[in-house]
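Everything on this sheet refers to the single structure shown next.
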């Protein structure tokens with residue numbers, strides 16, 4: 001989210017953006033905690049234990065397919081894997097650069 005915010009709104013206040021993103025995540029988490037027991041109990045009462053899990057599995061599968069199709073989920077996954085593989089390389093380069101600048105500053 002922060003990368004998209006930086007690209008679209010380069011001159012915005014990053015602290016404010018971090019605060020808004022944190023608020024969105026916390027509100028979503030809290031809403032899920034409040035609604036999940038109600039929805040789960042209702043589904044259990046209406047369709048039974050086994051079909052409740054089948055309904056949840058179908059919902060997760062549909063969400064995954066929509067994510068892959070609508071927001072380039074495969075590209076996002078590839079980028080995540082690339083970033084994960086390069087994490088040590090980037091840290092090593094940054095460490096070398098900071099050591100060089102430290103030696104030149106002293």
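Testing residue 95 on (1) at pLDDT 90 or above; (2) farther than 21 Å from residue 3 by Cβ, one condition comes back false. Which one is that? (1) is the only condition that residue 95 fails. Whenever a residue of region 38-49 is loosely packed, with under 11 Cβ neighbours inside 10 Å, its partners that are at pLDDT below 90, lying with C-beta atoms within less than 9 angstrom and at least six residues away or across chains, give the pairs 46/52. Within region 10-50, take every residue that is in a helix (DSSP H, G or I) and touching a helix residue (DSSP H, G or I) at 6+ places or on another chain (Cβ under 8 Å) and give me the one that is nearest to residue 73 (Cα to Cα). Here the residue is 21.
The values are calculated or read from the model by the stated rules, or taken from the named source; none is laboratory data. Just so we're clear, the structure is a prediction, and the values are computed from it rather than from any experiment. Using ideal geometry, Cβ is built from the backbone for each residue, glycine included, and neighbour counts are taken over all protein chains shown.
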